[in-house]
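Written out below as structure tokens is the structure these notes cover.
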Amino acid sequence: MNRAGQSTSQIKSALLYILLFVFLTPFLLVVMNSFKKTQQFVENPLSPPKALLFGNYISAYKSMDFMQGFLNSLVITAVAVFIILIFSSMTGYLFVRFKWKLNAILFFIMLASMALPFQVIMIPLVMLYGKLDLLNMKATLLFMYLGFGVPFGVFTFHGFIKGIPYELEESAFIEGSSRLRTFFQIILPLLRPVFVTLIVLDVLWIWNDYLLPSLVLLSPEQRTLPLSTFSFFSSYSVDYGPLMAGLVMTIIPVLILYLFLQKQIVKGITEGALK
């Protein structure tokens, strides 16, 4: 490699390191401030902590009722992601393999719904479910996540399934396999790259979501972890030290999931692009 090529490579590497630092800075600031007293945070949030106050994490654990919030978030996220993936994959398969005019219309409506901001329908939606006395229920929240998550899932699965040869299914039909069995035993395993990608995207969305649960889950025992962090806000002040510790504790489970699935995520995105 000549000098010009080496210089270009070095510049690209430097830019990547700069971008990495920029993206990591907010997270590092949260971690750093989680060990400070609230007063020190208010005085200078960019300064390093004078002492590592692990008591902030103990205070956050108790104030947030962390285990209750963690279990609520875990159940809601796991169930919501599961039903979104199952409904999305089956609906995407239906739209690809059955060339009905109704399917084309429904697919277009789903794509159009993705452009509709949640804030537009937020108040009417909550008013409607409030009149039906369906608020403060996990089932209602799951139903809403299903409605908001399926369109993007269908769009993703639809594009991937179109690249799967129909001859694979024909061979199964000749052997006497039903349509449902063919889907679950032949098509579904081929959709693994899309599943892994959507799992990460949907888990990040649902686990970190604050707005929708705050509108639906009203009682303290129903709160998810993002809602539990509201316990650090009072009428006239904010306890920033424990708040930052609570944010770190909320981020850690998703971070572990991402690190665990990192190779599968990259592989899924690559195979999806090739498909």
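Summary of values
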quantity: Scan of the range 174-198 for residues that are aliphatic (A, V, I, L, M) and exposed (fewer than 13 other Cβ atoms within 10 Å of the Cβ), ordered by number; calculated: ILE174, LEU180
quantity: Odd one out for VAL248 among (1) more than 19 Å from the chain's Cα centre (by Cα); (2) within 23 Å of LEU46 (Cα to Cα); calculated: (1)
quantity: Residue count, the range 110-126 (criterion: in a helix (DSSP H, G or I) and under 13 Å from GLY149 (Cα atoms)); calculated: 4
quantity: Hey, LEU247 part of a helix (DSSP H, G or I), of a type in the set (A, V, I, L, M), within 30 Å of PHE35 (Cα to Cα) and open to solvent by 20 Å² or more (accessible area, probe 1.4 Å) or not; calculated: yes
quantity: Residue in the range 195-203 that is closer than 24 Å to LEU74 by Cβ and of a type in the set (Asp, Glu) present; calculated: yes
quantity: Among the candidates SER7, SER59, residue that is within 28 Å of LEU227 (Cβ to Cβ) and either open to solvent by 50 Å² or more (accessible area, probe 1.4 Å) or in contact (Cβ under 8 Å) with a residue 12 or more places away in the chain (or both); calculated: SER59
quantity: Only one of SER237, SER228 that is over 19 Å from the mean Cα position of the chain (by Cα) and either open to solvent by 70 Å² or more (accessible area, probe 1.4 Å) or among the polar types (S, T, N, Q) (or both); calculated: SER237
quantity: Matching residues, the range 167-205, being outside any helix (DSSP H, G or I), modelled with pLDDT of 85 or more and over 25 Å from the mean Cα position of the chain (by Cα); calculated: SER178
quantity: Tally of residues being of a type in the set (Asp, Glu) and assigned to a helix (DSSP H, G or I) across the range 209-238; calculated: 1
quantity: In the range 211-222, the residues that are open to solvent by less than 80 Å² (accessible area, probe 1.4 Å) and in contact (Cβ under 8 Å) with a residue 60 or more places away in the chain; calculated: LEU211, LEU212, PRO213, LEU215, VAL216, LEU217, SER219, GLN222
quantity: Members of the range 23-56 that are open to solvent by 70 Å² or more (accessible area, probe 1.4 Å) and part of a helix (DSSP H, G or I); calculated: PHE23, LEU24, PRO26, PHE27, LEU28, GLN39, VAL42, GLU43
quantity: Tally of residues being within 16 Å of LEU74 (Cβ to Cβ) and of a type outside the set (Lys, Arg) across the range 204-248; calculated: 15
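Each row is one residue, and each column tells you yes or no for (1) in contact with a strand residue (DSSP E or B) (Cβ under 8 Å, 6 or more places away or on another chain); (2) open to solvent by 60 Å² or more (accessible area, probe 1.4 Å); (3) not aliphatic (A, V, I, L, M).
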{"residue": "LEU71", "(1), (2), (3)": "no, yes, no"}
{"residue": "ILE76", "(1), (2), (3)": "no, no, no"}
{"residue": "MET90", "(1), (2), (3)": "no, yes, no"}
{"residue": "PHE95", "(1), (2), (3)": "no, no, yes"}
{"residue": "ALA112", "(1), (2), (3)": "no, no, no"}
{"residue": "ILE121", "(1), (2), (3)": "no, no, no"}
{"residue": "LEU125", "(1), (2), (3)": "no, no, no"}
{"residue": "LEU141", "(1), (2), (3)": "no, no, no"}
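The values are calculated or read from the model by the stated rules, or taken from the named source; none is laboratory data. Remember, it's a predicted structure, so these values are computed and weren't measured experimentally. Every residue, glycine as well, gets a Cβ built from its backbone with ideal geometry; the counts of neighbours run over all protein chains shown. Note: areas computed on protein heavy atoms with side chains; ligands, DNA, RNA excluded. Shrake-Rupley method; radii C 1.70, N 1.55, O 1.52, S 1.80 Å.
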